[in-house]
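Here is the structure we will look at.
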Amino acid sequence: MYRILESINEPADVKQLNMEELNALAGEIRSFLIETVSRTGGHLASNLGVVELTLALFKCLDMPRDGIVWDVGHQTYVHKLLTGRREQFATLRQLGGMSGFPKSSESVFDVFNTGHSSTSISAAFGMTRASELAGENARTVAVIGDGALGGGMAFEALNAAGTYQKNFIVILNDNEMSIAKNVGGMSRYLTRIRTRPLYFRMKSRLERGFRRIPVVGEPVVLALKKIKDAFRYLITSSTVFEDLGFTYLGPIDGHDLPFLCDVLEQAMQIQAPVLIHIKTKKGKGYKFAEEAPTAFHGIGAFQVETGEADAGCESYSSVFGHTLFSLACANEKICAVTAAMPDGTGLKAFAEHFPKRFFDVGIAEQHAITFAAGLSKSGLKPVVAIYSSFLQRAYDQILHDVCLQNIDLLLCVDRSGIVGEDGETHQGIYDLAYLSQMPHMAVLAPAHFAELSDMLRYALTEHTGPIAIRYPRGSMQATYRTKTTFSFQKAEWVHRGEMVCLIAAGHMLSTALEVYELLQSRGLSASVINLRTIRPLDEAAMLEAAQSHRLLVTLEDGIRRGGVGEQILAAVKDCQTQVLIKAHENGIVPHGRRELLYAACGLDAKTITQDITDQLHWEKKDE
């Protein structure tokens, strides 16, 4: 079934193929990816869109001497498939298996780890300059999407690379998408470039010229460049990329493999920075992914024949979206801000019903925060919804532009804690620690859906100053339901015992309740506290717990250093009680199913129970 694909074990094998074989290989790759991802889940649409681009790069570059830095990195399945990891695809995104993102520890061909956007040009340019300083002739190509190009870091890198006097190639993969539809001025600018009919007619003539001219050296390349530039200036004037110092080639059909190879070969001869603008279709070759690229950006297991995925259930994101919509109906000053994640964060209904109050700023988290601070300063009530992993990119803006001014701003930190299969670049385990250190910042963590709704109402109707509500991915919540009304800086005693007190932050209450049952079965009397407000702590409750129990056990889905446990430890430092902190110890959590990761990190109920009995030297009393 995969006759050619099964013969490919390294990039050198791709270089041996003729164009007919390469086109056949492209079809085999698409079939393989659809079949594999339907079982494992993963990022499908983005990978289907870069099949020809990846093959062209492998055909033209000399790897591993040359390298590719893939922006974000979720589109590297084809790259991995062609670099000796075909047999590992059955383990894709599973604990101990192959990562869904570039990993230098996996292969020498993964030259730079990526997981967040807008980083590829900086990294590739740095590697290019390092090669030059070492007297080598290695080439590192940056591949960046049109969505990632809107990130400020990408422009900083373009600005720096534009004055370089040697060859450096950036490939702009333009599929008009990030995860959702692209927004903003750069998106409109690229649309203008790619949709001028006269330019396309002239471009097709130039393409035919490209095909006829062999790679015979710099004079021919420069002559062709001058002709192409002259036509462009007449038709579209210069591009912003040329104004920054790049030789601009495009837009080019990213699925025309022969022409892609021709253009790459020519671009490699130009002793200046080159930006190749290619146009691709996200989900190419699979009907359902082409029609719904957002749904197939990151998807779980699905039926190949129908494209149907397993039915989803209510999630924290959907509860957030429903509650915010309800609150916005009653208060016209409430507005929502997100960074290219309107669907993922649950803001779709808000965007449809309140388009003037909804702001998708694209992949620009820093701008999102300071923009929202400006909205707040002008009397509005902004709610910024961003995944925990991506909020890290706006650390300085939260501190400098929000907290130091004590601005009223609500951060809704989605996908906090372990998110699972996307791995260490996406685990949201740092927000509790860094947000809790910022002046004026309040941090809340709901244990279940109803508590999230209550916290949203409080934050938007009562609180003043910056406040963050962090909640996990999906439906992970405690089965216990709140007995007392949420009150700011007031912890809830769920159970009262005598020997051990379990203090849980957010959804870890569900684990605490499991531990409670296990301790009870062993004859250990335990209390359970639902912390609710992480900062400022309910110090009175912490002191009461410390004074009435032999052991306090803190449970958090975050890093230990600077986290909840250490804050509680500081609050009860003058008490005689012992404190056992259960958190992520080293700040790095690999990819895999969440339940397996919690166990691997020692944050499952069984491990925590054993740690408690060991700490107390308690002999098991159940049969």
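The values are calculated or read from the model by the stated rules, or taken from the named source; none is laboratory data. Note that the structure is predicted; figures quoted are calculated from it, not measured. All Cβ positions, glycine included, derive from the backbone under ideal geometry; neighbour counts span all protein chains shown. Please note that ligands, DNA and RNA were not included when accessible areas were found on the heavy atoms of the full protein model with its side chains. Shrake-Rupley method; radii C 1.70, N 1.55, O 1.52, S 1.80 Å.
What's log10 of I(q)/I(0) for the range 1-152 at q = 0.09, 0.13, 0.20, 0.21 Å⁻¹, Debye sum over Cα points only, no solvent? Rounded to two decimals, the profile gives -0.27, -0.57, -1.33, -1.44. Do the alpha carbons of any pairs in LYS59/LYS282; LYS490/LYS582; LYS284/LYS356 sit beyond 26 Å of each other, and which pairs? From LYS59/LYS282; LYS490/LYS582; LYS284/LYS356, over 26 Å: LYS284/LYS356. Listed values for the range 106-115 are Karplus-derived 3J(HN,Hα) couplings in whole Hz (6.51 cos²θ - 1.76 cosθ + 1.60, θ = phi - 60°), namely 7, 7, 5, 7, 8, 7, 7, 6, 9, x, and x replaces Gly and Pro. Once both labels are positioned 7 Å from their Cα atoms along Cα-to-Cβ, the gap between VAL240 and GLU517 label points is 5.6 nm.
Per-peptide packing, taken as the mean over residues of other Cβ atoms within 10 Å, places 521-528, 45-52, 303-310, 404-411 in the sequence 45-52, 404-411, 521-528, 303-310 from highest down.
When restricted to Cα atoms, the range 332-391 yields an Rg and a Dmax of 10.6, 30 Å, respectively.
Hey, can you grab everything whose amide H is under 5 Å from the amide H of ASP253? Only 5+ residues off in sequence or another chain; H modelled, so Pro and N-termini drop out. Counting only residues 5 or more places away or on other chains, the set is LYS279. Packing, taken as the mean count of other beta carbons within 10 Å per residue, orders the peptides 63-69, 570-576 from highest to lowest as 63-69, 570-576.
Modelled label positions at ALA24 and SER105, each set 7 Å beyond Cα in the direction of Cβ, lie 3.9 nm from each other.
With N set to the number of residues, divide the alpha-carbon radius of gyration of the range 249-349 by 2.2 N^0.38 Å and report two decimals. The partial results should precede the final answer.
Details: Rg = 20.8 Å, N = 101, 2.2 N^0.38 = 12.7 Å.
The reported ratio for this selection is 1.64.
The smallest convex shape that holds all Cα atoms of the range 342-498, its convex hull, gives 139 Å³ per residue.
Over the chain, the hull volume per residue, using the convex hull of the C-alpha atoms, is 173 Å³. As a ratio to 2.2 N^0.38 Å, the alpha-carbon radius of gyration for the range 550-613 is 1.18.
Bridgeable aspartates and glutamates around LYS287 (alpha carbons under 13 Å apart, same-chain partners fewer than 8 residues away excluded): GLU305, GLU308.
Using only DSSP helix segments of four residues or longer, with each worth -39500 (n - 2.57), what per-residue ellipticity at 222 nm results for the chain after dividing by its residue count and rounding to 500? Rounded to the nearest 500, it is -11500 deg cm²/dmol. Computed from label points 7 Å out along Cα-Cβ, the spacing between GLU539 and THR607 is 3.3 nm. The relative contact order of the range 1-109, computed from alpha carbon pairs under 8 Å that lie at least 6 residues apart in sequence, is 31 percent. The residues of the chain expose on average 40 square angstrom of accessible surface per residue, using a 1.4 Å probe on protein heavy atoms.
Computed from phi, the 3J(HN,Hα) profile of the range 547-559 under the Karplus parametrisation 6.51, -1.76, 1.60 (θ = phi - 60°) reads 7, 10, 9, 6, 9, 9, 10, 9, 10, 8, 9, x, 6 Hz, with x in place of Gly and Pro.
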